[in-house]
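Participant: Okay, handing you the structure first.
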């Protein structure tokens, strides 16, 4: 030992890095094949290695330490509203876009395309989450833009390109484009029908030369957005009221950042949000000072147009949270295997095994459900799958995202002080977890959406849930009794708003239980049923029954 050292450093687990995140995730591999995305296994293996590399982990750290900065003016005093990012952000965005996370199911449609994309999103979710935000909005925007054929013809070729191009230029000069969103206003929040932003049609002769795309009607937009995500994006989808429409009757508009003539559109970035987490990504407040936009969809049908996007952004909230759960589990379990206390590894101590196995159950169930939801998107032409997705997507967003902060705190506690400090990734992952529960509709909004989806067609809703759940009831009598009670009470409970959270929770747990009973190893399925179906979920993680085979669950969760 060096004579100037006071002690030798030992009993410290090495960082969880230079790991193939796809190869070590058996549940993800199995779910990919089961839900129809097996064709992408080779590409995902490469992505898993890149996301698990030491270099990529360092990019994630740097992008969050050196967050975005608003540059409102250039050195001559001209208004530019540029967002300055660290090079690490651009490297992460390049990785995501080149992998096709923003558009692959649209540019290369095939059976299982959304499942394959979801699996890649789960892998990237274990690396860095801020960069996922503009990618999610771009992915979801395609569904809305296809409602406007002229806009789609102009924008989609550049959106679908697998090239990340951060240059602040008009569309004609871009090699790749990203789309953001701006829905909420100060006075309304989730109640977007309270929006006051107004759009006024411009007569062809009133449009300044080069300020509108050829063949597209132009609208002048005046108002604001309280949350305007990714202000660096090339265009944003927003909601506004037509100047002659009644309050609450909104239309959807695409508002480009630059006009065709190269001028900045009249979108003024007031400030960037100082957020708890998601710090690598820019979120802003803006004012529209006569910005030029184009209508997407029919007049007055803005909310349904945006809701078509919402099902996809909500799916990504589930995927993003499931990815963070998986990352937190891996870091905690890896630490517990490499750390000794009281004469043996932490991972071999019964109470710690119970905590880790409980986390592993939660993570695997979230992954299985997220991939199942992606199959609903792939099979949306099937009315039964479309209805199942309408019911389960908001329910899953509520439950999986709501479980996140408690999960992250427990994983952090496994690592003790090493987990709480900013030197490692757990603190950053923990800060990321609440946003997916808040963004794109809070928990109450999601649960009310579940009630609406069931209430519109209670018999059809029961039928699609029966089809999903009944095959698993033959495998466990306790699960069968639970499903029978749930289905029998479904219609009545869908009419009880005060119980919406409990219903959403039970629906998610039932579907997760069905997936694990049919497809996971017996120790995993039995433990899930015992701890989530037989006994109500509650309290902290680590309350598994004593007969649970924790060692088998942990061996599957992260093979040594």
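Read the figures in this text as sums done on the coordinates, not as results from a lab. The shown structure was predicted, so the numbers you read here are calculated from the model rather than taken from an experiment. Reconstructed Cβ throughout: ideal geometry from the backbone, glycine too, with neighbour counts over all protein chains shown.
Participant: Over the chain, what is the percentage of antiparallel beta bridges among all DSSP beta bridges, to the nearest 5?
Facilitator: About 85 percent, rounded to the nearest 5.
Participant: Between residue 498 and residue 301, what's the calculated FRET efficiency when r is the beta-carbon distance and R0 is 35 Å? Round to 0.05.
Facilitator: Taking R0 as 35 Å, the efficiency between residue 498 and residue 301 is 0.65.
Participant: How far apart, in nanometres, would the label points at residue 79 and residue 380 be if each is projected 7 angstrom from Cα along the Cα-to-Cβ direction?
Facilitator: According to this spin-label approximation, the distance is 3.6 nm.
Participant: Could you tell me the distance between the Cα centroids of segment 252-290 and segment 137-154, to the nearest Å?
Facilitator: With segment 252-290 and segment 137-154 each reduced to a Cα centre, they are spaced 19 Å.
Participant: Looking at the square roots a ≥ b ≥ c of the eigenvalues of the Cα gyration tensor of segment 179-300, which shape do they give, rounded for a/c under 1.5, prolate if a/b is larger than b/c, or oblate?
Facilitator: Oblate is the answer for segment 179-300, as a/c is 1.5 or above yet b/c matches or exceeds a/b.
Participant: Another question about this same structure. Could you work out the helix-only [θ] at 222 nm for the chain, with each DSSP H run of four or more residues adding -39,500 (n - 2.57) and the total divided by the number of residues, to the nearest 500 deg cm²/dmol?
Facilitator: Only helices count here, giving -16500 deg cm²/dmol.
Participant: With an 8 Å Cα cut-off and a minimum separation of 6 or more residues, compute the relative contact order for the chain in percent.
Facilitator: Contact order relative to length: 14 percent.
Participant: While we're looking at this one, here's another question. With labels modelled as points extended 7 Å from the Cα through the Cβ direction, what inter-label distance (nm, one decimal) is found for residue 8 paired with residue 190?
Facilitator: Calculated label separation equals 5.7 nm.
Participant: Assuming R0 = 45 Å, can you tell me the calculated FRET efficiency for the pair residue 551 and residue 69, based on Cβ-Cβ distance, to the nearest 0.05?
Facilitator: 0.40
Participant: What angle, in degrees between 0 and 90 and rounded to the nearest 10, separates the Cα long axis of helix 87-99 from the longest principal axis of the Cα atoms of the chain?
Facilitator: Here the helix axis deviates by roughly 80 degrees.
Participant: Also, quick follow-up: Once fully extended, how much extra length lies between residue 518 and residue 423, figured as 0.36 nm per residue of separation less the alpha-carbon to alpha-carbon distance?
Facilitator: Difference between extended and current length: 30.2 nm.
Participant: Between rounded, prolate and oblate, where does segment 39-126 land on the alpha carbon gyration tensor, with a ≥ b ≥ c its root eigenvalues, rounded for a/c under 1.5, else prolate if a/b exceeds b/c?
Facilitator: Cα axes put segment 39-126 in the oblate bin.
Participant: Just to verify a number: FRET efficiency for residue 271 and residue 444, C-beta to C-beta distance, R0 = 25 Å, to 0.05?
Facilitator: With R0 = 25 Å, the Cβ-Cβ based efficiency is 0.35.
Participant: So, one more: Taking Cα pairs under 8 Å and at least six residues apart, what relative contact order does segment 26-154 come out at, in percent?
Facilitator: After rounding, I find 29 percent.
Participant: Among DSSP bridges having both ends in segment 179-300, what percentage is antiparallel? Round to the nearest 5.
Facilitator: Percentage antiparallel, nearest 5: 85.
Participant: Between 0 and 90 degrees, rounded to the nearest ten: what's the tilt of helix 443-456 against the longest Cα principal axis of the chain?
Facilitator: The answer is roughly 80 degrees.
Participant: Expressed in nm to one decimal, what extension gain is obtained for the pair residue 244 and residue 17 from 0.36 nm per residue of sequence separation less their Cα-Cα distance?
Facilitator: 76.0 nm
Participant: What is the distance, in nm, between label points placed 7 Å from the Cα along the Cα-to-Cβ direction at residue 214 and at residue 406?
Facilitator: 5.9 nm
Participant: Which angle from 0 to 90°, rounded to the nearest 10, does the C-alpha axis of helix 302-338 make with the longest principal axis of the chain?
Facilitator: Approximately 30 degrees, to the nearest ten.
Participant: If you don't mind, another one. When only C-alpha pairs under 8 Å and at least 6 residues apart count, what is the relative contact order of segment 416-560, in percent?
Facilitator: 19 percent
Participant: Take 159, 438, 238, 83 and order them by how many other Cβ atoms sit within 10 Å, fewest up front.
Facilitator: Fewest-to-most Cβ neighbours within 10 Å comes out as 438, 83, 159, 238.
Participant: Find how many whole Å separate the alpha carbon centroid of segment 326-393 from the alpha carbon centroid of segment 24-92.
Facilitator: 22 Å
Participant: Okay, moving on. Across 5 Å bins from 0, what is the distribution of all Cα-Cα pair distances for segment 305-557, in whole percents?
Facilitator: Calculated over all Cα pairs of segment 305-557, the distribution is 1, 6, 14, 17, 19, 16, 12, 7, 4, 2, 1, 0, 0 percent.
Participant: Rule-of-thumb check for segment 265-324: C-alpha Rg over 2.2 N^0.38 Å?
Facilitator: 1.48
Participant: For 340, 224, 331, which order do you get if you count the other beta carbons within 10 Å of each Cβ and list the fewest first?
Facilitator: If I rank by nearby Cβ atoms, fewest first, I get 340, 224, 331.
Participant: Based on other C-beta atoms within 10 Å, arrange 138, 305 from fewest to most.
Facilitator: 305, 138
Participant: For segment 168-247 and segment 455-509, what is the separation of their Cα centres, given in Å?
Facilitator: 41 Å
Participant: Extension gain residue 203-residue 342, at 0.36 nm per residue separation less the Cα-Cα distance, in nm?
Facilitator: 42.2 nm
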